[in-house]
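Values quoted throughout were computed directly from the atomic coordinates according to the rules given, and no laboratory measurement underlies them. Worth saying up front: this structure is predicted, and the values here are computed from it rather than measured. Quick reminder, even Gly has a Cβ in these numbers, built from the backbone with ideal geometry, and neighbours come from all protein chains shown.
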Amino acid sequence: MARIELNGCVGHALCNVAAPDVYDLDDDGYCIPPMFEVADDARKQAMAGVKACPERALTLVDE
């Protein structure tokens, strides 16, 4: 299991474009919630969203 930490999202929404099943956005295009768990089978998608963020606002942390 891993979790996503969010710090400094400015609403590009590219995480959601790369992995819409992992990253939810609020009405303004910001990633929500700021911390959530990622199942092992979604790890590859989660990492795609992390890499797509131009602000490097997302971090995948192993637990």
222 nm mean residue ellipticity, helices alone, for the chain (DSSP H n ≥ 4; -39,500 (n - 2.57); rounded to 500): -6000 deg cm²/dmol
Of the DSSP beta bridges with both residues in the chain, give the percent that are antiparallel, rounding to the nearest 5. 100
Can you pull out the trypsin sites (Lys or Arg not before Pro) in the chain whose DSSP state is coil and whose Cβ has at most 13 other Cβ atoms within 10 Å? ARG56
Simple Cβ-charge dipole of the chain, Lys/Arg +1 and Asp/Glu -1, about Cα centre, in debye nearest 20: 300
Residues other than GLY11 with Cβ under 11 Å of its Cβ, Lys/Arg counted +1 and Asp/Glu -1, net out at -4
Enter the angle in degrees (range 0 to 90, nearest 10) between the Cα long axis of helix 43-52 and the first principal axis of the Cα atoms of the chain, meaning the one along which they spread out most. 30
Got the relative contact order for the chain handy, in percent, Cα pairs under 8 Å and 6 or more residues apart? 50
Correct choice for mean projected area of the Cα convex hull in nm² that was computed from the model, options (1) 3.5; (2) 4.3; (3) 3.9: (1)
